[in-house]
Structure formats: C-alpha cells, structure tokens
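Engineer: Next up is a structure, given as structure tokens.
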Ligand SMILES: Nc1ncnc2c1ncn2[C@@H]1O[C@H](COP(=O)(O)OP(=O)(O)OP(=O)(O)O)[C@@H](O)[C@H]1O
C-alpha cells in the first residue's frame, strides 16, 4: 500500500563527488544536478509516501536479475512520458551494470531533448554522464532507407526474368522491384527501420555485449504496426516467393519445349527466404516472454486509460508480453493544497480506480510516477526519475 509521493523542494549545493549519494544520506533525492568543476549544485527533493493507493513497485530487481539480453519496449499515447520513462530505464540499467542501448523509433524523436545532448544522426552515440556503457540511437528514416536499399540490392523483376532467359516477356513488370512492392503496402519506413535495427542488434557480434535494449516507441498506432510488421512481411514474402516459383516453373516448361536446359530451382536467388527467416526471428523475439517486455505508459485521465486498455488488448492479441503499467504525472500531495490541485487529485484517484476495474489493465503491475515540478532533462534528472519509478 501507499505510493503517492510528496516532494518538498530544498535548494542546496555540495562539493561531493556524487550529489545523489549525499542527497540519499540526507534523505533526499536530487534533480537538475549540475557539475561545475569539482562542485555539484542542484535541487534536492524529499520524497516520502503519502496517500493510500495501490502499491506501485516496479520490481526492478526482477528486470535486472536476468543476465541474458532483454528487449524493453515502452509505448503509449502521445505525450504521456514514454521517452522520459524509457530514457530513465536505460540510465538505470546502465548504472546497474547492464551495457544498454536505448533506441527511439518515434519519427518525432525526443531522446536528444530528454538526455539534453545531441544523439541525432541515425547512428549509435555514447550517452555522456553515465558510468557504464549506454548508447543511444534515434532512427532516421532517410538514412535507414538507403541502408535497406543497400541490403535488398537490385531485385528487379526484369533482372530476375532476364536471368531465366525470359527478359522479352518482362514488359510492364520490368519496372517493378522488391522494395517498391514491399513499400507499396508497407505501413512505413520507420517501422521497417526499427525492425532492421533489431535484427542488427540480434545478429552483429559488436552488439552482443549489450544485455538491455530499451525502445522508446512512437505513439500507439505506429507501435502496433511495428509489432505486426514481421507478420506482414512474412505473408508478403511468401506471396512473392510463390510468384517466383510459378515464373520458374513456366520458364522451365517454355525452355524444355525449345530444347534448352531446364532451370534448376537452386538457380533462384534465396534472399527472400533469408529475409523471411530473419523476420520470423524478430517476430519470435517480440513474442517471447523471456526476451521481451512491453511496458505501457499512461497518465491518469480517462482518455489515456481507455487508449491503454485498447493497446493492451491489441498487444495481447499479438502475444506480446506485457506485465507493467506506468501511470505517470500523478499529482503529488502538497501541504498548501490549492482547490485546483485537490480537484485534479480527486479525479486522478478516481481514474486509478478505473484501472483497477479494467479487465485489460487490472492484472498489470501498477507503477505510479509523480508529476515533478521541473522538466525531466539530462542524465541527473533521468536518474532522479528512474529512482522514483524503477524500484
Ligand atoms: N512525471 C513527470 N513530471 C514532470 N514532467 C514530465 C513527467 N513525465 C514527462 N514529463 C515531461 O513531459 C514532456 C513529454 O514527455 P515525453 O517526451 O517523455 O513524452 P512522450 O510520451 O515520449 O511524448 P511523445 O509522444 O511526443 O514522444 C517532457 O517535457 C517531459 O519532461
């Protein structure tokens, strides 16, 4: 029981190596800590339990204990605090000895803003101010598009038919290529880029030491597309593969009539089969309770809770493991409570009650995260937030 938090603000400065250690010893937490030479100054908050709402522990020890690689995807409605929660989780994992990568798949990136450092450019960049390895990546669709083109190479249908001696029949099909075929029906390059990165993290030896991969996902719609994309690809690739087999069979028949050597199946490029296999791998990872967890982030409003409930239903349908729900931006109790604040708090308490009665959400571990009186920017602030949420 008891998890709403009271934050009393006291300004201080200290010459300690770690403002967090000193703050902890004094019974405070710190936010907006700044380092000036050997001095650290910042704002300290005292955090103590107040209200009598359901327990909000995230069981971070569980999240930490597994040594094998785990993927954490944080998602929810726009603006609820997904990036702040994802960034704070990544900092916390790294601070507890897990080499971590945090990836933004949201086309409207805010990782750089959240960490208050430049993490743009579509490449993995080390996050400054964290003791153990923490890399960040804002996936840039344009850069990824080129990368995907390079990976898929020239798969034009005309070339394929040429290689079978059927170039003269290619006609209109000549302009068609695999990338266009997939893009035409595909939900979006952002999701493809994200999947492609997951594959790289899974397969490339240089990333093997990273045991935690945290995804700051785009608002709900995009995220659901991301998760169902491997299935979409799987079915598209199956169709294309069938089409290729039919063309090959027709070519063989055609050539044998004219006395040419029959085309062997193994002459066909097998990249599509490989792509299908890799997509299956991603799909399995997203659905494996041992490798992946999707954490839903929400705020205490009826609209956000309803969307979270729908999100959980969709994730359940996709068999994506979900155990935790963060309710962010809960108004803390204050000694000089204004009427507006007490009304809002009452409403928020009512909404928390709705979660407990929601069939989709009631079974999830509820994590309560207070609304702070400062924007969460920079590693010290993220550490502060992480200590409130991930415990
Ligand atoms: N608990 C909190 N207390 C105070 N400010 C918060 C809290 N959580 C998030 N914020 C602030 O709210 C803003 C939006 O947060 P954030 O970018 O993490 O949300 P998001 O869900 O990732 O947004 P988007 O959907 O636009 O990507 C930021 O300015 C962030 O600092």
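The values are calculated or read from the model by the stated rules, or taken from the named source; none is laboratory data. All values reported here derive from a predicted model rather than from experimental measurement. Glycine gets a Cβ as well: all are built from the backbone with ideal geometry, and neighbour counts include every protein chain shown.
Engineer: For the stretch 28-49, state whether one or more residues are surrounded by fewer than 20 Cβ atoms within 10 Å (Cβ to Cβ), at pLDDT below 50 and under 29 Å from residue 303 (Cβ atoms).
Structural biologist: For the stretch 28-49, residues surrounded by fewer than 20 Cβ atoms within 10 Å (Cβ to Cβ), at pLDDT below 50 and under 29 Å from residue 303 (Cβ atoms): present.
Engineer: For residues in the stretch 382-391 being in a helix (DSSP H, G or I) and more than 20 Å from residue 110 (Cα to Cα), which is farthest from the ligand (Cβ to nearest atom)?
Structural biologist: Kept after step one, since they are in a helix (DSSP H, G or I), are these residues of the stretch 382-391: 382-389.
Applying the additional criterion that residues be more than 20 Å from residue 110 (Cα to Cα) yields 387-388.
Details: 387: 13, 388: 8 Å.
So the residue we want is 387.
Engineer: Name the single residue, out of those in the stretch 58-92 being in a helix (DSSP H, G or I) and within 16 Å of residue 294 (Cβ to Cβ), that is farthest from the ligand (Cβ to nearest atom).
Structural biologist: Step one: filter the stretch 58-92 for residues in a helix (DSSP H, G or I), giving 60-65, 82-92.
If we keep only those that are within 16 Å of residue 294 (Cβ to Cβ) as well, we get 62-63, 82-83, 85-86, 89-90.
Numbers: 62: 23, 63: 19, 82: 4, 83: 3, 85: 7, 86: 8, 89: 12, 90: 13 Å.
Among those that are in a helix (DSSP H, G or I) and within 16 Å of residue 294 (Cβ to Cβ), it is 62.
Engineer: Under the condition of being in contact (Cβ under 8 Å) with a residue 60 or more places away in the chain and not in a loop (DSSP other than H, G, I, E, B), which residue from the stretch 328-346 is nearest to residue 75 (Cα to Cα)?
Structural biologist: 328
A quick yes/no check of all residues on (1) in a strand (DSSP E or B); (2) over 30 Å from residue 119 (Cα atoms); (3) out of contact with any strand residue (DSSP E or B) (no Cβ under 6 Å at 6 or more places or on another chain); (4) within 16 Å of the ligand (Cβ to nearest atom):
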{"site": "326", "(1), (2), (3), (4)": "yes, no, no, yes"}
{"site": "363", "(1), (2), (3), (4)": "no, yes, yes, no"}
{"site": "375", "(1), (2), (3), (4)": "no, no, yes, yes"}
{"site": "380", "(1), (2), (3), (4)": "no, no, no, yes"}
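Engineer: Looking only at the stretch 209-228, which residues are modelled with pLDDT of 80 or more and more than 11 Å from the ligand (Cβ to nearest atom)? Let's see the steps before the verdict.
Structural biologist: Here is the first cut: in the stretch 209-228, the ones modelled with pLDDT of 80 or more are 209-217.
Result: 209, 210, 211, 212, 213, 214, 215.
Engineer: A further question on this structure: Any chance the stretch 100-108 includes a residue that's crowded, with 24+ Cβ neighbours inside 10 Å, under 15 Å from the mean Cα position of the chain (by Cα), within 23 Å of residue 211 (Cβ to Cβ) and within 11 Å of the ligand (Cβ to nearest atom)?
Structural biologist: yes
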